[in-house]
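The values are calculated or read from the model by the stated rules, or taken from the named source; none is laboratory data. Please read these numbers as outputs of a predicted model, since none were measured by experiment. FYI the Cβ positions are ideal-geometry reconstructions off the backbone, even for glycines, and counts take in every protein chain you see.
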Amino acid sequence: MRSEHGRTPDRARIDGWTKVARSLVGMLFNTVEYAVFFAIVLVAYFSLRHRAQNLLLLGASYFFYGQWDWRFLSLLLLSTVIDFSAGLAIQRARERALPRRMKTVLALSVGSQLAILGFFKYFNFFVAGADGMLQSMGFSSSIRTLSIVLPVGISFYTFQTISYTIDIYRGAFLPTRNFVDFALSVAFFPHLVAGPIQRARSLIVQIEKPRVVTIDLWARGLTLFGIGLIRKVAIADPAGALADGYFADPSSYPTVPLICGLVLYGLQIYNDFAGYSEMARGSANLMGFDLMRNFRHPYFAADISDFWRRWHISLSTWLRDYLYVPLGGNRHGRARTHLNLITTMVLGGLWHGASWNFVAWGALHGGYLSLHHVWREWRGRHWPAAGTSSRVRRAGGMLAVYVLVTFTWLFFRAHDTATTAAYLHGLFAFVAGGEGAIVPVLVLWAMTLAIDVPQAVADEEVFVLEWPFAARVAAATAASLVLLASGRMKHEPFIYFQF
């Protein structure tokens, strides 16, 4: 790794993401290359017995990951070996009634995983921060940063393996003694690079047993994959292309287009990540696996807590179970509860990347959650449910949550503080003009609602499978036409590959 000067952490993040984007094109879910790879895997998979299937999937998963950068396969393997060994060591210590050894092994396991993640993800961020602090204090400083490429998926598989050792320490389940099974649970290619952050205990159980693949499961998998593909290609990518223009030079636009830029990015990140999750789960279904649901119509949330029960569910539940609750949750009074909420969300923001913008994004959400707790307590004491109808309250809550969440996307999307400041200035300058920017926003929102509303009403993601045959054919035809109308697929990387 060569050393370098003069690059801010945000600039380094952008350059690193550019390298990721250029290198991952070959195995994105929305490419012909992935279709060929997956078809070959499926043919071989169904010709083998259970144990051979697991070996095949492990090899295919390492091949899939190696298409980005084969050098980081060793890092994935190291992470796997650490927690496989730690799980067995914790269980041996429990059987011998050695609680101190259990804690030591857990600390070494979690500490080593966080050290690896911290080096690759946060080294330059903290070095640059220390350099700036020294210079602000009057010291002459030129601390060197490193050109570090962030391994794709490291945040996801690190959190997954950490939850494995913690759950074993808590006695939630027994560790697996089959290394291939554990390695496959970590590297399983549908969820490897961007989740869902699958709990090991639920996935390993499926790996240990022979899978039964039915026609209904195939229908579900293909439908989920198709819905995810539409989200990505027909909604997320066009929304992102439009949003990029506003964020490239926010000082050139009046207020309405800048508002549209935020809404467009909100549509992009939701459909991009939800689309990836649906394609991942659809791919897994075709092999007899069931991955957890990662999104449940988050823009329909009636309050901010409800939003986090619907958005990136695998991460929000991970933060709750392995960070918020161990910090004390809501068990030590109001002040401690608010501190725990904000701390959890700030660290959740940092999980996304080494940037002060992510810290601000997390702090805003932590503040929202804290204020919501205060509001809920006050309303319970002074303003009972009587008065306005539940539908009116829910509609008002949905609008408020949507506005608040959309505002936070500014800090998530802007690559540096200068862009953030310029966007904020234009946003609150209230300069008239550019109202035509609303039209594509309405079109893309309508396309999103065309998926989300039927799913929410039926409480079923693959709602079309409940329709009559003629309606299903019509829906499939319409989906194909939408994909064709979206133009040639540009193979845009998924946003969460950079985290």
Which numbered condition TRP378 fails, given (1) in contact with a helix residue (DSSP H, G or I) (Cβ under 9 Å, 6 or more places away or on another chain); (2) part of a helix (DSSP H, G or I); (3) free of Cβ contacts under 8 Å to residues at least 24 places away in the same chain; (4) of a type outside the set (A, V, I, L, M): (1)
Could you check segment 55-84 and list, in sequence order, the residues that are of a type in the set (S, T, N, Q) and in contact with a helix residue (DSSP H, G or I) (Cβ under 8 Å, 6 or more places away or on another chain)? SER61, GLN67, SER79, THR80
Taking the residues in segment 312-348 that are in a helix (DSSP H, G or I) and among the charged types (D, E, K, R) as candidates, determine which candidate is surrounded by the fewest Cβ atoms within 10 Å (Cβ to Cβ). ARG334
Taking ALA385, is it of a type in the set (Gly, Ala, Ser), assigned to a helix (DSSP H, G or I) and modelled with pLDDT under 90? no
For segment 436-471, name all the residues that are free of Cβ contacts under 8 Å to residues at least 40 places away in the same chain, buried (at least 16 other Cβ atoms within 10 Å of the Cβ) and under 16 Å from ALA219 (Cβ atoms). PHE463
Return only the number of the condition from (1) surrounded by fewer than 20 Cβ atoms within 10 Å (Cβ to Cβ); (2) under 13 Å from the mean Cα position of the chain (by Cα); (3) farther than 22 Å from ARG199 by Cβ that GLY353 does not satisfy. (1)
Qualifying helices (runs of 4 or more DSSP H) (wholly inside segment 1-119; at least 3 residues being at pLDDT 85 or above and β-branched (Val, Ile, Thr)): 32-45, 73-95
Residue list for segment 27-45, restricted to those being over 14 Å from TYR65 (Cα atoms) and in contact (Cβ under 8 Å) with a residue 12 or more places away in the chain: ASN30, THR31, VAL41, LEU42, ALA44, TYR45
State yes or no: is LEU184 buried (at least 21 other Cβ atoms within 10 Å of the Cβ), within 22 Å of the chain's Cα centre (by Cα) and modelled with pLDDT of 95 or more? yes
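Each row is one residue, and each column tells you yes or no for (1) modelled with pLDDT of 90 or more; (2) in the same structural domain as ALA280 (by TED's automatic domain parsing); (3) aromatic (Phe, Trp, Tyr); (4) surrounded by 15 or more Cβ atoms within 10 Å (Cβ to Cβ).
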position	(1), (2), (3), (4)
VAL149	no, no, no, yes
ILE166	yes, no, no, yes
PRO190	yes, no, no, yes
ALA194	no, no, no, yes
SER202	no, no, no, no
GLY226	yes, yes, no, yes
May I ask you to say which residue of TYR164, TYR169 is assigned to a helix (DSSP H, G or I) and more than 23 Å from the chain's Cα centre (by Cα)? TYR169
Those residues that are assigned to a loop (DSSP other than H, G, I, E, B) and touching a Phe, Trp or Tyr at 6+ places or on another chain (Cβ under 7 Å), I need them from segment 281-311; list them, please. LEU286, MET287, PHE295, ALA301, TRP311
